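This report refers to the structure that appears directly beneath it.
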Amino acid sequence: SEDSGPAQEDRPEVAKGIARALVLSQIDAPAALSAGLSMVGASAPVIGISNGSAVTMEVEQDGPSDEEELAMLLGDDRPIPDAVDKMASLVSKMTAGGSVALTSWTSSEDEGTEGTIVARRYVNGKPEQKLSAGLVLAGLDPVCEELLLGRVTPEEAEAITKRSRWTGWMKGPGFRP
């Protein structure tokens, strides 16, 4: 084809990656949040967590741009992907308390998993202040962190969270025995 000429071969490949996200909602019934999203054509997996529901997302995207890498070196957070931003905005309109988007970009090495997790609050469809991802994660079920790190799938997370609130998470794969 005409597109596979030398000009294409000279371009450097852009590293693609997966951003995993949780959009947290105060809606207690995952089925209600899922139904609300379906009504507006924005279906996505929803799991129940101890203090509400969470929409789970995986977004394929290009690696960070030069500007994003510089901003991250200077201490600024990486921008939330558009799909996650739109979902968090939509979910924030469904409750007075808004929503929180947690997004992770991780890579696994022999030494362990490394990457970045950012958190942002949304109220009435608008992004608000950035939050400490560590503090947000500390208040959530441990399965949320496992989801963000890619250690469990949304289906496995749903099975884990359906167990007893007090001990169910300890019996799941990858958790304490």
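The values are calculated or read from the model by the stated rules, or taken from the named source; none is laboratory data. Bear in mind the structure is a predicted one, so any value in this text is a computation, not a measurement. All Cβ positions, even for glycine, are placed from backbone atoms using ideal geometry, and neighbour counts span all protein chains on display. Accessible surface areas use protein heavy atoms only, side chains included; no ligands, DNA or RNA. Shrake-Rupley method; radii C 1.70, N 1.55, O 1.52, S 1.80 Å.
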Next item on the list: Pull up region 96-115, narrow it to residues that are hydroxyl-bearing (Ser, Thr, Tyr) and crowded, with 17+ Cβ neighbours inside 10 Å, then point me to the one that is modelled with the highest pLDDT.
Entry: Ser99
Checklist line | Candidate set from region 45-58 (those that are modelled with pLDDT of 90 or more and open to solvent by 20 Å² or more (accessible area, probe 1.4 Å)); member that is farthest from Ser99 (Cα to Cα) | finding: Glu58
Next item on the list: Restrict the check to region 147-161 and report whether at least one residue is open to solvent by 30 Å² or more (accessible area, probe 1.4 Å), assigned to a strand (DSSP E or B) and among the β-branched types (Val, Ile, Thr).
Entry: no
Next item on the list: For residues that are under 13 Å from Ala101 (Cα atoms), β-branched (Val, Ile, Thr) and under 13 Å from the mean Cα position of the chain (by Cα), tally how many sit in region 119-145.
Entry: 1
Notebook entry, point to check: Val118 fails exactly one of the following numbered conditions: (1) modelled with pLDDT of 90 or more; (2) among the aliphatic types (A, V, I, L, M); (3) part of a helix (DSSP H, G or I); (4) under 25 Å from Glu60 (Cβ atoms). What is the number of that condition?
Noted result: (3)
Next item on the list: Spot the failing condition for Ala31; the list is (1) modelled with pLDDT under 65; (2) open to solvent by 60 Å² or more (accessible area, probe 1.4 Å), and only one is missed.
Entry: (1)
Check: Can you name the residue in region 132-141 that is under 22 Å from Ile18 (Cβ atoms) and modelled with pLDDT of 90 or more and, of all such residues, is surrounded by the fewest Cβ atoms within 10 Å (Cβ to Cβ)?
Finding: Gly134
Margin query: For region 135-163, give me each residue that is within 19 Å of Pro79 (Cβ to Cβ) and not β-branched (Val, Ile, Thr).
Written below: Leu148
